[in-house]
Every structure is written in structure tokens, then in C-alpha cells.
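Below: the structure, in C-alpha cells.
The values are calculated or read from the model by the stated rules, or taken from the named source; none is laboratory data. Being a predicted model, the structure only gives us computed values, none of them experimental. Neighbour counts run over all protein chains shown; Cβ positions are idealised from the backbone, glycine included.
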Amino acid sequence: MHDLELNKILAACLVAGIIASASGFVAKKIVHPHDVKASGAEASGEAGAAPEAPQQPDPILDLIAKADAGHGKDLAKACAACHNFDKGGPNGVGPNLWDVLNRGRAAKADYSYSDDMASRKGQKWTYEDLNHFIWKPKSFVPGTKMTFPGYQKAQDRADVIAFLRTLADSPPALPTAADIAAEKKELGPKDAAPGKDVGKGADKNAKTPSAGDKGAAKGDKKAGGKAADSTKDKADAKPALAPASADAAKPDNGDAAAAKGDDKKPADSSGDSSGGQVPTPPAD
């Protein structure tokens, strides 16, 4: 009896295994496996087809003329741990920043610059370049030794640069209108060319009303039609006449008889003596 029960258990396990194996075989024939990795690669490829435009700082040249150099000096205190701002002062962790505006990059012979900064020797620190650098130093010069994260607000950068402009015996000239226009062209929005695509888009939008506008127009048209019909109905409507009474509609017997009598009577009794003519009234 014990062997019989054991045989039943073994048989059940065997049948279950056969069913599971057969199910897997049938499932593979019916449902094809999908390669998740390949799909992910395709998706990433599609996403990479339209890379995002690199981030850039906001233009600040038009803010320099009215920037607050005093506020910029306060903001620059965060840089004082590494830089010296005095004329003839020593270098610190970073180079001395006296007369830095329009100074050549990697120009101080007594300071050891990073390789990336040294490779830019000969280029000048313009207003535009300082805007880029103090916005995100690592973005503008990836190999720089400077660990400061930068000033994210455009007005703060303008104030700091206005302060750096004062660190000179003769401060450099302010940005010209041409400089400001060129910076705005470089860093400003590039959604559409002014005076070209914007106008076309506006005309197209004006000619193609939205579904909501069409629905509103239909509603207004129906409402206007109903109002016009109502006005027309009022104009065409005639005032209802009061129903004539039975007495007014039908003359009584007495009136009818009087009317007949009048028809038979002569116009005037005096007509008999005057030959039927009406006498002339006497003159006054």
C-alpha cells in the first residue's frame, strides 16, 4: 500500500513536468519573445536623434551700464578666499584679479594655470567671456582649477563684472550697442527669425481657427439666426383685431327697416317745389 501511494506521487510529478514542458514549447511557438535591450537601444537612438541645445547664460551686456558695482563687490567676497583684488597684490589659490577685464588669459607669469586655461593664452577676458565663465566655470573652461559653481542670476553676473571693471587705473569702455546686439543674437531665443517665420505663423494661425473657435462660431451663427427669425416673426405679426360683437356685425331689424325707409324717401321735401334741386343757402 505504501508503494502504491509513492508510485502515485511520482506519476503525478512526472505528469506535471511533462505538462509544464509542453506548455513552454507551445508558448514559444505562439508568443515570440521581445528583445527588451534592443528596444531600449532603439528608443535611446530615437531620443538621441534630436539632442537638446546646450545651455547658455542669459545676455548681460545691456545691464552693465546700470549695474550695481557695490553689490558686485559684496558678491565677489565669495571669491576672496582664492583671489586678491588689489593692485600689485599676490596671487592666491587663483590669480590676482586686478585689471582682469580685457587682460589676456593665462597672462600672469607668476601663476601656474591649468593646462586648459594655458592653452587659451592670447585670448582676452572680454565682457562676453566673463559672463560665460562666472556663470558656469567648468562649462566654459572644463579643465579649470576653479571650483566655484558660478552665479546663475544675470543681474548678479552683471554686478560682479561691473565691480571687476572698476579694478583698473582706467576702466575699460562700456559695451557698445553693436556689442549688445551681437550678444543678444548669440544668446537670445532662437525659436523664430524675427519678421519672417513669426509673421507666417501668425497668418497661418489666423486662417486656421481652432475647433473651439469653430464651435463658438457655429453657436453664434445659430443664435444670430434664431434672433433674426424672432425679429422677423415680430415684424410680420399683425395686431389682432378685436372680434366684432354680434350686435355690431348684424344690424337689428329696426335699423334695417330704417335704412330701407331712407332709400325710399326723397332727398328733400322742398325738392318737389324747386324741381328737385337743392335750394342755395342765403347769402350773408
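Highlighted here are the helices (runs of 4 or more DSSP H) found entirely within segment 1-98 that include at least 3 residues which are at pLDDT below 75: 2-30, 36-48. Against the test of being in a helix (DSSP H, G or I) and charged (D, E, K, R), the options Lys138, Lys108 yield a single qualifying residue, Lys138.
Evaluated against (1) surrounded by fewer than 12 Cβ atoms within 10 Å (Cβ to Cβ); (2) farther than 23 Å from Pro57 by Cα; (3) modelled with pLDDT under 90; (4) not polar (S, T, N, Q), Ala216 falls short on exactly one condition, (1). Among residues of segment 138-161 that are at positive phi, those with a Cβ under 6 angstrom from a residue that is at pLDDT 90 or above and aromatic (Phe, Trp, Tyr), sequence gap 6+ or separate chain, pair up as Gly150/Trp135. Tallying residues that are buried (at least 16 other Cβ atoms within 10 Å of the Cβ), more than 18 Å from Ala76 (Cβ to Cβ) and of a type in the set (A, V, I, L, M) within segment 108-146 yields 2. Determine if segment 73-90 includes at least one residue that is small (Gly, Ala, Ser), surrounded by fewer than 16 Cβ atoms within 10 Å (Cβ to Cβ) and within 28 Å of Glu186 (Cβ to Cβ). Yes, the conditions are met somewhere in segment 73-90. Going through (1) aromatic (Phe, Trp, Tyr); (2) within 18 Å of Leu174 (Cα to Cα); (3) touching a Pro at 6+ places or on another chain (Cβ under 9 Å) one by one, Trp98 falls short only on (3). All of Gly88, Gly122 fail the test of being without any contact (Cβ under 8 Å) to a residue 24 or more places away in the chain, touching a strand residue (DSSP E or B) at 6+ places or on another chain (Cβ under 7 Å) and on the phi > 0 side of the Ramachandran plot, apart from Gly122.
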